[in-house]
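Down below is the structure, laid out as structure tokens.
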Amino acid sequence: MRIKSVFFIFFILFLFIDARSDLEDYTYVPLRRKLKYAEEFYSLFRENFKRGTDNLNANVFWLLHALEYPFAPPQLALAKIETPDQWEKYKTLFRFQVYYLITDTYLRLGERYEKPNILFFNYTFKKEILEGFEIAKIYYNRAKFYWEKAKKLAYDAWELRDIDLYSIDGETDKWMDRVYKLVYSRDQEMNYDKEIKERIEEVDYKIKMLNRGEYKK
């Protein structure tokens, strides 16, 4: 009788656990081989991650690997490739997109170390705040470095604008739209030169405030 009771309890627990389980618990498939193509590393970038420092750094890590590894064969590209010209345009756009995302991610990382306002009670942590500002400047200068590369590729891609490139799932269309906004329409959304310059100047100003003992009144 006791054995039956124990079995019954385990059976109920099994049903409860099974009912509470998510479908994802049964659909996870581990990687079966090492990643070897740029597009595979690019696919690991997560735009909708919670923007914590670790997640942002992980995104940069994958993007930098996407720049180091070879492209997948044309038949596995994120666009329909049928000619050498289309292949060239695709690779140029891909690299532009990666440099753009690295730039944007470094800006988000810098934000995490930049204090918006200096208030009178912040001087208790003056040393830590100054260190944070220096880290923010490092990230902003990295953003500047990669943005220069992104701009060059944007102009290269614009020269190839007359080459038709049929996007898969709209991916390369988004890349070309950013090129258009940067090169042709001069959209403020893509004015990273101005944004990076203003951020570095703002950090330098706050560092001087702290060193002079000033604060926002």
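Between amide H atoms placed 1.01 Å from N, distances below 5 Å from residue 79 occur with 168, all of them 5 or more places distant or on a separate chain.
Placing unit charges on C-beta atoms (Lys and Arg positive, Asp and Glu negative, everything else neutral), compute the dipole magnitude of segment 54-93 about its Cα centre in debye, rounded to 20. It would help to have the intermediate numbers written out before the result.
Numbers: 3 positive and 5 negative charges, 19 e Å.
For this selection, approximately 100 debye.
Computed in the context of the full set of protein chains, the accessible area of segment 78-216 at 1.4 Å probe radius has 49% of its extent on carbon or sulfur. Relative to the present Cα-Cα distance, how much length would full extension add between residue 68 and residue 130 at 0.36 nm per residue of separation? Computed gain between residue 68 and residue 130 is 18.9 nm.
Put the Cα centre of segment 67-109 next to the Cα centre of segment 164-202 and the gap is 14 Å.
Among the listed pairs 36/144; 115/137; 127/194; 115/181; 89/194, those with a Cα-Cα distance over 24 Å are 36/144; 127/194; 115/181; 89/194. You can think of it this way: the chain between residue 117 and residue 159 has 10.8 nm of extra reach, that is 0.36 nm per residue less the Cα-Cα gap. Potential lengthening of the chain between residue 83 and residue 44 amounts to 11.3 nm, from the contour at 0.36 nm per residue minus the alpha-carbon distance.
Backbone phi angles across segment 62-78, fed through the Karplus curve with coefficients 6.51, -1.76 and 1.60 (θ = phi - 60°), yield HN-Hα couplings of 5, 5, 5, 5, 4, 7, 8, 8, x, 6, 5, x, x, 5, 10, 5, 8 Hz in residue order; Gly and Pro are listed as x.
The values are calculated or read from the model by the stated rules, or taken from the named source; none is laboratory data. A quick note: this is a predicted structure, and the numbers were derived from the prediction, not measured. Don't worry about glycine lacking a Cβ; one is built from the backbone with ideal geometry, like all the others, and counts go over all protein chains shown. These area figures cover heavy atoms from the full protein model, side chains too; ligands, DNA and RNA do not enter into them. Shrake-Rupley method; radii C 1.70, N 1.55, O 1.52, S 1.80 Å.
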